[in-house]
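To start, the structure itself, in structure tokens.
Just so it is clear, none of the values below were taken in a lab; they were calculated from the coordinates. These figures come from a predicted structure and were not determined experimentally. Here the Cβ is made from the backbone with ideal geometry for all residues, glycine too, and neighbour counts use every protein chain on show.
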Amino acid sequence: MKALFGIALLSTVLLAGCAAPGDTHTANVKMNTPTAISSMSLMGPGCEDWGAPTGHVVTPPRHGEVKFLYHRGPLQAKDSKCNGEMMTSRIAVYVPNKGFKGTDSTSLKFVYINNDAGGSANMGQQFTINVQ
């Protein structure tokens, strides 16, 4: 499982930079290679960690699966005042079926805390995945 953290994140989503609903993201994945396609972390205005959101597969891929991993590490966002602060994140990893080569798609949903009172919200993402 540690090897999965060494792969490049294709899409990093922070609460301050959420994609617009309905946006479709494209991910290029190597055949037989698990690849992170998205992640989400939540930090408050004072750089406090609000905990990792939960991840859900809304529409499963036809030619693979999506696994959600928990990760704790320093934020790597050079333009953020919170750069380097420890945070938790949920990472979506697409795992193509063995030998599959072609196009796949999936839709995901992250559910997260959106205020100090424990209110929640969610963000959906759609992906077109090119397995080469």
If R0 = 22 Å, then Asn115 and Thr88, at their Cβ-Cβ distance, give a FRET efficiency to the nearest 0.05 of 0.80
List every residue whose amide H lies under 5 Å from the amide H of Ser105, counting only residues 5 or more places away in sequence or on a different chain, with H placed 1.01 Å from N in the peptide plane.
Arg62, His63, Ile129
Neighbour-count ranking [beta-carbon atoms within 10 angstrom, fewest first] of Arg72, Arg90
Arg72, Arg90
